[in-house]
Structure formats: structure tokens, C-alpha cells
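Okay, here's the structure, questions in a sec.
The values are calculated or read from the model by the stated rules, or taken from the named source; none is laboratory data. None of the values given here were measured: they were computed from a predicted structure. Cβ placement follows ideal geometry from the backbone for every residue including glycine, while neighbour counts extend to all protein chains displayed.
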Amino acid sequence: MKANQLNLKQLYIHIKGMLLYHDHGYGMLSLLGTALLLAFFIGIPHNDSPVLFVAGEIADETVVAKRDFLVEDEEGTKNRRDKIRAIQPLVFDYNREVATHVREAILNLLHAINTFSIHNDINGLEKIQKQFNSTYDTNVSLEEFKSLAAAKPQDFAFDTLLPWIDSRLSDGILADSRILYNTPNSILIRDTQTLAERLRSTSTGLIDLSSLTVAMGNQIRANLEISENSKQAFLKIFPHFLAPTLSLNQKETNDKTQAILDSIKPIYFQIHKGEVIVRKGDIVTREAQLKMQAIFNNTSTNFNFYKTAGTFLLSLILMLGLFMTPSGQKGRILHSKDQLFIAVILILVGMGAGSLALFGQSFSSELSLSLLAYFFPISGIAGLAVLIFAARRYCVIGFLVSFYTCLLFQGDISLFLFYFVSSMINTWLILRSQSRQDVVWSVIPLFTALLITGFSSALIMGLSPTKYLTLIYLLAANAILSIVILFALSPILEMMFGYTTRFRLMELMNLDHPLLQKLMMETPGTYHHCLVVSNLVEAGAKAIGANSLLAKVGALYHDIGKLGHPHYFSENQFDGVNPHDKLSPRMSCLIIFSHVKFGIELAELHKLGKEITDMICQHHGTRMPMYFYHKAVKAGENPKEADFRYSGPRPQTKEAAILMMADTLEAAIRSMPDPSSARISSSVETLVKNIYAEGQLDEADLTFKDLTKLIDGFTRTLIALNHQRISYPTIKINDPNTKEEQKNSENKSETKTESKPENREEKPKIQ
């Protein structure tokens, strides 16, 4: 009990810590208010009070079903199952090894008797006799034992008796035939070795061990060629070796019977919307009573407090998935605006589904509530979440909207699965789309998925085949409306909440964007650097499950601030002139630091979005350009580290952290004089560990496992980008010095060890 209390306390502390880690202001209040509002609406009854008559009573009014129902005939179902249970055969296990053991025991005994008789070893024979009598508590005499060594008893034993015993044991021998009393006549025999099964339509002919003993005695007595001593020996000895080969397997019998019973479908009465259950003045039948009872049990005219409370509590538990992670790590902060956005989605779902459900209940035509449920475009609403959130959160949102919609339409688990599966399929299609045109064309696979899942759900719900054509039309409208909602609401969300949606990211990823074109024309070195870094961060983000699209777009724009002073950065210095040679280290740092500030201004001017702007701001964290710091130290300026650090902040997300590492690695590897695979691998590991040791990754929610994957991915990508090609110099074929030069070139080894950038005498690339 104490351990359980401790676990609950730990769970409470963990949940509290996770919730406090995220914003817990107006956004969380909006989520709680939305959950309570939807739960309250679900608890409100929307049906008239049903009428209930008892069988044999004369109905004083006509009763008509207002929606589709399936009513189980419990008594009929029970009677059917009882009948089937009564005819199920017993399962017996057949052990073929028993016959083998019986035969071997008899043969061993006969062999021993023969051996001692041939050698006239009376003492040995007497020893066998006493041992047998003691083991089986019988009184076989020594003379009876000796009689079995004669030729005729031996021939009878080997030629007649043993084959007869083998045959009977092979047919199957029961321990006690009384086990078959008051049971089905058929039995199922299962071979314990091969697991092969055979059904005997009748148990007639099966004998038990006592009957086998009697039959064997008759066989022995009927033989006129053997002596009376031999007959007595056979009658006293052989029954002790017999054993049953069939044993009842009660568990297998019960399992097979239960499997058969489970496969039996209940007997249902189908109630269709508009069906007349009983007419005024008619005598109520038992079937009509069952139907009215089902309608009564599934209809309530009072506010269902328990339904509201259950819905609210369950929704709170589901919402915990927005704040908590399976690994126990805190993950990305869920800001108040994010929570408000989720609340807006849930309100849209509640208003839309609730209105459609009330509209459907007023119909008495073919377009019933059960059909209208398939029209509601839940996949389009859930698709809005994938534009903003990562996999875990949009899955939780998809689960929530499916949960509420299913309750509003009074559906069952099949309808819920239709909503959830279709919403997840749509999110998958959106994630695979590289443009808005791809999203438009995704309506075809979305309709196909809706068609399969919708018909599967309809079959489970027992939808009438006459309504299948209507169902197809509704599913097609669902697919089209989902895409329309996605396009209609996504720009509104971008403006209202300041999100950079997936559609916006795909637009920014286009290299024809004016800002990227300007970067290419005015700072070609920086442009190439951004392209390489974008490939690095994309691979790294995919390796650890981060947002690869966001990471790639952020990498493309992370150095746009270098447009302000392009020639002060080494990748744009093509004439060999370095303006920093004429500046003090402190002034050089101010110019270098300014590219972050100017990049933020350009990002805001071109409306790149907060996520991209934050990555520009954070991609250097609070690091130091060590070259200028050491230059100031050598100049005797006694510099302060604070004056030579970027203003930060440190990377707050995985994507920003990946960008910082990729930015540093690309510049370092590009400046490496001989980028061999071994040197690249060593440099990548060293630089990443240095960034971690500086504490730059402390706020980015990266694990050691993530860093290992990133190091491996960065190394492979950089090796592929910097692989050395074979040079083909113009040499004379007959030149005697050629071979010597080639030999010297092949035997040349690296004698220089790469030092850290801050310890180099050379000028590193300026970032």
C-alpha cells in the first residue's frame, strides 16, 4: 500500500512539473473551458421521450423508430449457443508412444525369459519372477514363467498376441469408458506428436482398459495349442503392461467449444428509421417489445450528468498527451497561443458536428444521422494541426477531435476509428506534399482512404446496402470539403496566430524567393554555405525525428544578415583582401555580430515567420569568435569575454541546435586543407562535443542518443560532400622521374595534426 502511495505521489509530481513547464495562462484556461463546454453539450439530450409497451398489451398509440437500431434477441442467442454447445465433440489426446512402450516392455520380458531358459539359469529366472510379482503385486509362479520360453507360447506371443495388442492400442483405448456417458456421440482425436486431428462421428467401438483386458483374455483362452501354464502366465503378466492411449483433454475441449461459441453472431432485430414498431390498437408482440425496450434504453430525455462528467474527465486525460512525452522529457514548450489554437479547433469541431447532428435528427428521409456522420470533414480539421505541430501532438489532436465528433453523432467504436484513421491518413498525405498543388491532388488518395475506412465502418455498424450509393456521395463530399477547409483556414491561422505553416515553409523553400535570389547575387559564398548547411540540417533533423522542413528552411535563411556587410565574411572574399586586417578585434566582432541583428530585421521585413526568425537569432547562441578574442589577447587589450560573445539566446529548439552545429561544422570542414575521411570524422566529433561542453545545447532538449545520431549523420554527409577526386596531371610517360614522384606521393603521410580553431595561427572562416 505504501509503495502504491509513493508511485501515485511521484506520478502527481511528474504531471505537475510537466504542466508547469508549459505556459499555464489563458491558453490552458481556454482548453479547460472548451473541454467542459463540449462535455456539457454532449450531455444534453436531443430526443423525445420514447414509448414503451409490454408484450400482450394493446398499444394506445403508434410507435415509430426515429433512428436506426440493432436490437439483440438475448434469449434467442442464448438458446442457439446452448444447442451448439451440446453437440460439440470431446477432444481426446492420442499418445502413440504408449503402444511402443507396451510392446517394448513385453518384448524385454520375453527376451529375458528366453535368455535365462537357454542358459538354464534358474536363479536368474527366479529373480525376474520375484521382481515382477513385487512390482505388480501379483503371484505368477516360476513354472508359469518357464512355460513362456516354449516354442508355441513364443510363436503365439509374437505372431498373434502382440499384433493384436498393437492393433487395439492404435485404435484408441480409454482409461474408463464411463467418461463418454451423457456426452455427444462424436469425438475428436488429436495426435499429440503430429497434432493431426480426426473426427469420429460416433464413439461406438471405443473400449476402455478393462474391456481390452477381457478381450485379450478371450484371445488367450481360445488358443488350443499352448499349455494351461502358458495361458495363466499370459493372463497374469500381459494385463499389467496395458495402458490407455486416449486421454480426455478438457482444456482443449473447452477452448474449441468457446471458440465456436464466440464465432456465433448474436441474433439481432434490425430497426430502421421510420419503421413502425407497433400500430395503435394492435397487440404488442414480444419482438415489438424488444425493439421498444432497445429504443428506450438508448434514449434519454434528462441531462446526462454522468456522460458529461465521463467525457470531461476522459478528455482531460487525453489532453495530457499535449503536455507530456512518453520518454518523460519535457519536449517543446506548448505556448498559450498554441493551446488557444487547439481550443479553437475543438470549438470548430463541436459547433460543426453538433449542428450537423441536430440537423440529421430532424430528417425522416434516407439521409439519417448515421449517414451524415460520414459527411463531417474531420480529416480536414485534423489536417490543420499537422501544419503547426509535430507528430505526437497532432496525433493527440486527431484523437481528441475524433473522440468528440463520435460522441456528438452518437456513434460507436467503428465510427471513431473511421474518424481517427482518416484524419491520420490525411496528415500523412499533407506531410508528403511538397506544394499546395500536391495537397490538391491528394484529394484522390484521401477519397480512396475514406471509401475503404468508411465502408468498413458501415459494414460493422450494419448500414443497409440500399444506402451505399448515398454513402459514396457523402464520402466524396467529405474528401473535397476537407481539402477546402485546409486551404480556407490555414491562411487565417497564419494571420491570427502568427504561425509559419507547412504551406508557408514550402513556399519559403523555393530558391526563387527574392531574398534567396538576392543572397545568391550579392553573397554567392554565403549562398553556397546556406545550401550546404540546409542539406546537413535536413539529414540531421530526419535522423532524430525533428521538423526537417522547418530546419531546412531555417538553414536557407540563417545568414541573410550577411547581406549588410558581405565582404567582412571570409566565404565572400574572392580577391584575397580581408577588411578585418585594418580593424581592431572589438570592431571586427561588432561587424560580425551585426549579421544576426540585420538578419532578424530582414526576416521580419519579409515576414518569414517567428520560427525562422528565432532560428536566425539563436544559430550562434552565446558563442565566441575565438580568432578575434585571441587577436585581442595578443594585442594586449585585456579583453572581456562578454564583449566577444554573441548576445544569444542559446538554441531553444532541436532545429535551432542542429543549425548551430551544422553551421559550425560546414565552416570548419570547408577551411580544412586536407579533408580526409578520418580528419572529417574526428573534427565533427570534436566540434560537436565542444559545443555541448560550452552549454550551448542545454536548452534544446537534445539527448546523448540524439547527439550520437547527429554526429554520425553529419560525418557521412560531409564526407560525401568533400570526397577527393583523382587528379590527372600532364606528365611524360617516359620521364624517369615520374615513377619516383608517384612513389613519393603514395608514401607521403600526414605529419601535421589539426589544432582547434582557437589555437590556429591561420585566420579561420568568419561566421
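When you look at residue 363, is it of a type outside the set (S, T, N, Q), modelled with pLDDT of 80 or more and not in a helix (DSSP H, G or I), yes or no?
No: the conditions fail for residue 363.
Would you confirm whether any residue within the stretch 617-634 is touching a Cys at 6+ places or on another chain (Cβ under 7 Å) and more than 21 Å from residue 706 (Cα to Cα)?
Taking the stretch 617-634 first, the residues touching a Cys at 6+ places or on another chain (Cβ under 7 Å) are 625, 628.
Keeping just the survivors that are more than 21 Å from residue 706 (Cα to Cα) gives 625, 628.
So far as the stretch 617-634 goes, yes, one or more of its residues are touching a Cys at 6+ places or on another chain (Cβ under 7 Å) and more than 21 Å from residue 706 (Cα to Cα).
OK, next. Which residue pairs have Cβ atoms closer than 6 Å, lie 6 or more positions apart in sequence or on different chains, and pair a first residue in the stretch 586-602 that is in contact (Cβ under 8 Å) with a residue 12 or more places away in the chain with a second residue that is aromatic (Phe, Trp, Tyr) and assigned to a helix (DSSP H, G or I)?
588/628; 589/628; 589/644; 591/568
Let me ask another. If you check 593, 644, 598, which single one turns out to be farther than 26 Å from residue 556 by Cβ, of a type in the set (A, V, I, L, M, F, W, C) and buried (at least 16 other Cβ atoms within 10 Å of the Cβ)?
That would be 644, the only listed residue that is farther than 26 Å from residue 556 by Cβ, of a type in the set (A, V, I, L, M, F, W, C) and buried (at least 16 other Cβ atoms within 10 Å of the Cβ).
Please go through (1) without any contact (Cβ under 8 Å) to a residue 12 or more places away in the chain; (2) in contact with a Ser or Thr (Cβ under 6 Å, 6 or more places away or on another chain) for residue 465 and return the number of the only condition it doesn't satisfy.
Tallying (1) without any contact (Cβ under 8 Å) to a residue 12 or more places away in the chain; (2) in contact with a Ser or Thr (Cβ under 6 Å, 6 or more places away or on another chain), residue 465 fails exactly one: (2).
Also, I was wondering about something else. Yes or no: residue 613 modelled with pLDDT of 90 or more and of a type in the set (S, T, N, Q)? Spell out how you get there, then give the answer.
Working: modelled with pLDDT of 90 or more: yes; of a type in the set (S, T, N, Q): yes.
Against the criterion (modelled with pLDDT of 90 or more and of a type in the set (S, T, N, Q)), residue 613 qualifies.
A further question on this structure: Output yes when any residue across the stretch 512-528 is under 30 Å from the mean Cα position of the chain (by Cα) and outside the structural domain of residue 660 (by TED's automatic domain parsing), and no when none is.
Checked the stretch 512-528: no residue is under 30 Å from the mean Cα position of the chain (by Cα) and outside the structural domain of residue 660 (by TED's automatic domain parsing).
Taking residue 674 and the conditions (1) of a type in the set (D, E, K, R); (2) part of a loop (DSSP other than H, G, I, E, B); (3) surrounded by fewer than 19 Cβ atoms within 10 Å (Cβ to Cβ); (4) without any contact (Cβ under 8 Å) to a residue 60 or more places away in the chain, which numbered condition does it fall short on, given that it satisfies the others?
The number of the failed condition is (4).
Residue under question is residue 166, and the condition is that it be loosely packed, with under 15 Cβ neighbours inside 10 Å and within 16 Å of residue 209 (Cα to Cα); does it hold?
yes
Would you point out which residue out of 237, 260 is in contact (Cβ under 8 Å) with a residue 40 or more places away in the chain and crowded, with 18+ Cβ neighbours inside 10 Å?
Working: 260 fails: crowded, with 18+ Cβ neighbours inside 10 Å.
Testing whether each residue is in contact (Cβ under 8 Å) with a residue 40 or more places away in the chain and crowded, with 18+ Cβ neighbours inside 10 Å leaves just 237.
Next question, about the same structure. Just to check your reading of the model, which residue among 512, 559 is farther than 30 Å from residue 448 by Cβ, surrounded by fewer than 19 Cβ atoms within 10 Å (Cβ to Cβ) and not aliphatic (A, V, I, L, M)?
Every option except 512 fails the conditions.
Quick test of your reading of the structure: residue 224 fulfils all but one of (1) within 30 Å of residue 133 (Cβ to Cβ); (2) surrounded by 17 or more Cβ atoms within 10 Å (Cβ to Cβ); (3) aliphatic (A, V, I, L, M). Name the failing condition by number.
Answer for residue 224: the failing condition is (2).
Right, something else. So which residues in the stretch 181-213 are assigned to a loop (DSSP other than H, G, I, E, B) and touching an Asp or Glu at 6+ places or on another chain (Cβ under 8 Å)?
Listed by number, the residues that qualify are 192, 193, 205, 206.
From the list 115, 138, exactly one residue is part of a loop (DSSP other than H, G, I, E, B) and surrounded by 12 or more Cβ atoms within 10 Å (Cβ to Cβ). Which is it?
On inspection, the qualifying residue turns out to be 138.
Turning to a different aspect of this structure: Do we find a residue being closer than 23 Å to residue 321 by Cα and outside any helix (DSSP H, G or I) anywhere in the stretch 391-398?
Here is the first cut: in the stretch 391-398, the residues closer than 23 Å to residue 321 by Cα are 391-398.
Checking which are outside any helix (DSSP H, G or I) leaves us with none.
No; the residues of the stretch 391-398 include none that is closer than 23 Å to residue 321 by Cα and outside any helix (DSSP H, G or I).
Looking at the structure I just gave you, is residue 629 crowded, with 17+ Cβ neighbours inside 10 Å, assigned to a helix (DSSP H, G or I) and modelled with pLDDT of 90 or more? Can you show your working first?
On the way: crowded, with 17+ Cβ neighbours inside 10 Å: yes; assigned to a helix (DSSP H, G or I): yes; modelled with pLDDT of 90 or more: no.
For residue 629, the condition - crowded, with 17+ Cβ neighbours inside 10 Å, assigned to a helix (DSSP H, G or I) and modelled with pLDDT of 90 or more - is not met.
Residues are listed down the side, and each one gets a yes or a no for (1) farther than 24 Å from residue 388 by Cα; (2) outside any loop (DSSP other than H, G, I, E, B); (3) assigned by TED's automatic domain parsing to the domain that holds residue 576:
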{"residue": "424", "(1), (2), (3)": "no, yes, no"}
{"residue": "429", "(1), (2), (3)": "no, yes, no"}
{"residue": "440", "(1), (2), (3)": "no, yes, no"}
{"residue": "446", "(1), (2), (3)": "no, yes, no"}
{"residue": "452", "(1), (2), (3)": "yes, yes, no"}
{"residue": "475", "(1), (2), (3)": "yes, yes, no"}
{"residue": "483", "(1), (2), (3)": "no, yes, no"}
{"residue": "490", "(1), (2), (3)": "no, yes, no"}
{"residue": "510", "(1), (2), (3)": "no, no, no"}
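When you look at residue 280, is it more than 52 Å from the chain's Cα centre (by Cα) and not in a helix (DSSP H, G or I), yes or no?
When the stated conditions are applied, residue 280 passes them.
Going by the structure shown, is residue 102 on the phi < 0 side of the Ramachandran plot, surrounded by 12 or more Cβ atoms within 10 Å (Cβ to Cβ) and modelled with pLDDT of 85 or more?
yes
Here's a follow-up. State the number of residues belonging to the stretch 396-407 that are surrounded by fewer than 23 Cβ atoms within 10 Å (Cβ to Cβ) and touching a Gly at 6+ places or on another chain (Cβ under 8 Å).
Count: 2.
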